[in-house]
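K.L.:
Okay, handing you the structure first.
The values are calculated or read from the model by the stated rules, or taken from the named source; none is laboratory data. What you see is a predicted model, and the numbers here were worked out from it, not measured in a lab. When we count neighbours, we look across all protein chains shown, and the Cβ atoms used for this are built from the backbone with ideal geometry, even at glycine.
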Amino acid sequence: MVKLPDAERCVATVRAIASAPTIPMHEQRALAAIRAELLRIGVTPTTDRWGQVHARVASGEPSRPLALVAHTDHPGFEVVEAKGTTGRARVRGGLQPRLLARPFAVVVHHDDGRAPVHAVLDDYVAAPELPNTSQGHLRIAAEGALEPGMWAVLDLPAFAREGDELRLRAADDLAGCALAVETLAALASETRAYDVRVLFSRAEETGLFGARLAAGDGSIPREAFVVSIEASRELPHAQAGAGAVVRTGDLMNTFSNEAERALRVAQERLALTGIRTQRALLTGGTCEASAFVRLGWLATGIALPNLNYHNAGAADHFLPEIVRLSDVRSGVALLAEAAVATAEDAVESWWPGEEVVPDEIRDRMERLTD
């Protein structure tokens, strides 16, 4: 039965996962939070050789699996030079240069778990570096000793709720990770067949690296429909609060119509119960569906409209990203129903029932050509 997930449970899952600091290549805390949430709902995670978390739930005899992909990193900063309490930090991921041009506060972490320290970044120098997709570097001055390899996140509240708004330091894509966990939880009460795999990937912001590695390893079955989950830039034709968005493409690629079919069937079924969703081309960024499409998978995407995408709004300083709880709940219902539609190999109701044009129509059209 199509239904929305419990609101407070969704809030708790988003809070648990989004509270973890994360940047590309330093996703350990986010991955740990995701493992804990999976175990809480009775799903045992596994980890691949790239440090990425996988999960699976299945029931019955589905015709094909649905594979969900959500990334665990968010743009941040990595210390590359250090002497005492000062040094230089590289930008990791795409942040707007206008917001890097004035001093701003960050919180510096170490992978060994020692206590974080506060710091200020300034003196931005544009100096692109590949393959880590770094647009430049900044001076860092911290309250404690720095070492190369330490990393920093914006000094913003990790989670806050104001009515339907969820204000997060990193909605992109920790809100998407929470949505994936809640989808697995929702399927626990599903009596119809389904097979859902989830990849919680790493290093998306610097080149879709985790998704590309998983595709190369074959850890996602070739026959699966792949769905990228994102918190993508809100656009005039895809607005926050109007439901999760079925994403037909991103900035760089259009996606698979065949894979999207399962999402469209789910949209039809949700519409009958009054659950809102949207469908749009979202050109605010590039998501992991692009990696899978380019590497030969049938892939598509969904998105949560994200205000202040990559922490940039109209203000002259960094802001929390904002997604709507109602859109998260819509996304869970959409994916849970898409899992069933995928298992059924279902077709949208508007598509003609006949695979070929009926003979009566053929004969009539042939006569009209005489």
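K.L.:
Without any contact (Cβ under 8 Å) to a residue 60 or more places away in the chain, closer than 17 Å to residue 227 by Cβ and part of a loop (DSSP other than H, G, I, E, B) - does that describe any residue in the stretch 297-306?
P.N.:
Step one: filter the stretch 297-306 for residues without any contact (Cβ under 8 Å) to a residue 60 or more places away in the chain, giving none.
The answer is no, given that none of the residues of the stretch 297-306 is without any contact (Cβ under 8 Å) to a residue 60 or more places away in the chain, closer than 17 Å to residue 227 by Cβ and part of a loop (DSSP other than H, G, I, E, B).
Each row is one residue, and each column tells you yes or no for (1) under 15 Å from the mean Cα position of the chain (by Cα); (2) surrounded by fewer than 24 Cβ atoms within 10 Å (Cβ to Cβ); (3) assigned by TED's automatic domain parsing to the domain that holds residue 43.
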{"residue": "188", "(1), (2), (3)": "no, yes, yes"}
{"residue": "216", "(1), (2), (3)": "no, yes, yes"}
{"residue": "230", "(1), (2), (3)": "yes, no, yes"}
{"residue": "255", "(1), (2), (3)": "no, no, yes"}
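K.L.:
Would you mind finding the one in 205, 182 that is touching a Cys at 6+ places or on another chain (Cβ under 7 Å) and of a type outside the set (Val, Ile, Thr)?
P.N.:
Details: 205 fails: touching a Cys at 6+ places or on another chain (Cβ under 7 Å).
So the residue among 205, 182 that is touching a Cys at 6+ places or on another chain (Cβ under 7 Å) and of a type outside the set (Val, Ile, Thr) is 182.
K.L.:
While we're looking at this one, here's another question. Do we find a residue being basic (Lys, Arg) and out of contact with any helix residue (DSSP H, G or I) (no Cβ under 8 Å at 6 or more places or on another chain) anywhere in the stretch 284-302?
P.N.:
Yes, the stretch 284-302 contains a residue that is basic (Lys, Arg) and out of contact with any helix residue (DSSP H, G or I) (no Cβ under 8 Å at 6 or more places or on another chain).
K.L.:
Continuing with the same structure: I'm trying to understand the selection: among the residues of the stretch 86-119, which are farther than 15 Å from residue 153 by Cβ, touching a residue at least 60 places away in the same chain (Cβ under 8 Å) and among the charged types (D, E, K, R)?
P.N.:
Of everything in the stretch 86-119, those that are farther than 15 Å from residue 153 by Cβ, touching a residue at least 60 places away in the same chain (Cβ under 8 Å) and among the charged types (D, E, K, R) turn out to be 98, 102.
K.L.:
State which residue pairs qualify: first residue closer than 26 Å to residue 275 by Cβ and in a helix (DSSP H, G or I) and inside the stretch 6-34, second residue of a type in the set (Lys, Arg) and at pLDDT 95 or above in any location, beta carbons under 6 Å apart, and separation of 6 or more residues or different chains.
P.N.:
10/329
K.L.:
Here is a check on your reading of the model: is residue 115 among the hydrophobic types (A, V, I, L, M, F, W, C), assigned to a loop (DSSP other than H, G, I, E, B) and not assigned by TED's automatic domain parsing to the domain that holds residue 24?
P.N.:
yes
K.L.:
Something else now. Quick one: is residue 346 in a helix (DSSP H, G or I) and crowded, with 17+ Cβ neighbours inside 10 Å?
P.N.:
no
K.L.:
Looking only at the stretch 43-58, decide whether some residue is outside the structural domain of residue 177 (by TED's automatic domain parsing) and part of a loop (DSSP other than H, G, I, E, B).
P.N.:
So in the stretch 43-58, the residues outside the structural domain of residue 177 (by TED's automatic domain parsing) come out as none.
No, that holds for no residue.
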